Amino acid sequence: MEKKMIEVLDKGYVRLVDKMGNDLTVANAARVSYDKESNEMSSKDERLIKFLASEGHTSPFRHAMLQFEVYAPLMVARQWWKYVVGSDHVMDGWNESSRRYVTEEPTFYVPKDDEWRSAPSNSKQGSGEPIESKEGAYLTKKLLKYIEEGEKLYSEALEMGIAAEQSRLFLPSYGMYVRWYWTSSLQGVAHFLSQRLEHDAQKEIQEYAKVVKILAEEHFPVAIGELLK
């Protein structure tokens, strides 16, 4: 299987590492109740998948799996993680790189001048309209200065012989890129997409969800389409 990777944001990406099954896997998992099996995808299988999704019969969708490698800012990773913790019935696995062990050069997400967004007027979370580029340029400059100072202090602590697990306290955390493997059942992927593709989801994680959807649809076009209806 080709391990396809799609870039996201300024330095991030999502890579499909592996997958198990296809749309037919879902149909056959449902058919085992009647000791039946289909060897080739047909319109009958599509109708069965549509029925399963519309009636909320989700267990057959847990027999197909996808594994992704994700590189994203910590603020995206922690939102993503909420849906793993809250959805253990859909079979998820998560392994993340740790700065207790990894001391590679930190990488940070820095919005461009025209990517800063105002606070929404009618909600305590989410974003409003983009702010003016002039104000955005000021914020980008301040963020870069803050990151530079944090990296300097982090390096200084390491040079003093301080453990990496404590030296990382100096790094600005929410914008720092982290890398992880996420393995999930097809149902788990669909659950994540149904939440993070919504218009009120944080824009950055929406961008990652769009890419996950593209990668999943290539192998499970019928199932993803029905589960997200």
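Derivation of every value follows stated rules applied to the coordinates shown; laboratory data play no part. If you're wondering where the values come from, they're calculated on a predicted model, not measured in any experiment. Neighbour counts run over all protein chains shown; Cβ positions are idealised from the backbone, glycine included.
Quick one: how many lysine pairs in the stretch 110-174 have C-alpha atoms under 22 angstrom apart, if they're 8 or more apart or on different chains?
Working: Lys112/Lys134; Lys112/Lys141; Lys112/Lys142; Lys112/Lys145; Lys134/Lys142; Lys134/Lys145; Lys141/Lys152; Lys142/Lys152.
For the stretch 110-174, the number of qualifying lysine pairs is 8.
The value of relative contact order for the chain, using C-alpha pairs under 8 Å at least six residues apart, is 30 percent. Restricting the stretch 150-207 to GluC sites (Glu not before Pro) that sit in a DSSP loop and have at most 14 other Cβ atoms within 10 Å of their own Cβ leaves Glu198. Helix 43-54 and the longest principal axis of the Cα set of the chain meet at an angle near 60°. Annotation: aspartates and glutamates with alpha-carbon distance below 18 angstrom to Lys50 (same-chain offsets under eight excluded): Asp23, Glu37, Glu40, Glu217, Glu218, Glu226. FRET efficiency for the Ser155 to Lys210 pair, using the beta carbon distance and R₀ = 30 Å, is estimated at 0.25. Quick one: angle between helix 133-159 and the longest Cα principal axis of the chain, in degrees between 0 and 90, rounded to 10, please. It is inclined by approximately 80 degrees. Any chance you could give the angle, 0 to 90 degrees and rounded to 10, that helix 203-217 forms with the longest Cα principal axis of the chain? Result, in degrees: 30. When the square roots of the Cα gyration tensor eigenvalues are ordered a ≥ b ≥ c, the ratio a/c for the stretch 110-174 is 1.5 or more and a/b does not exceed b/c, which makes its shape oblate.
Two decimals is fine: what is log10 I(q)/I(0) at q = 0.09 Å⁻¹ for the chain, from a Debye sum with one equal scatterer on every Cα and no solvent? Result of the Debye calculation: -0.47.
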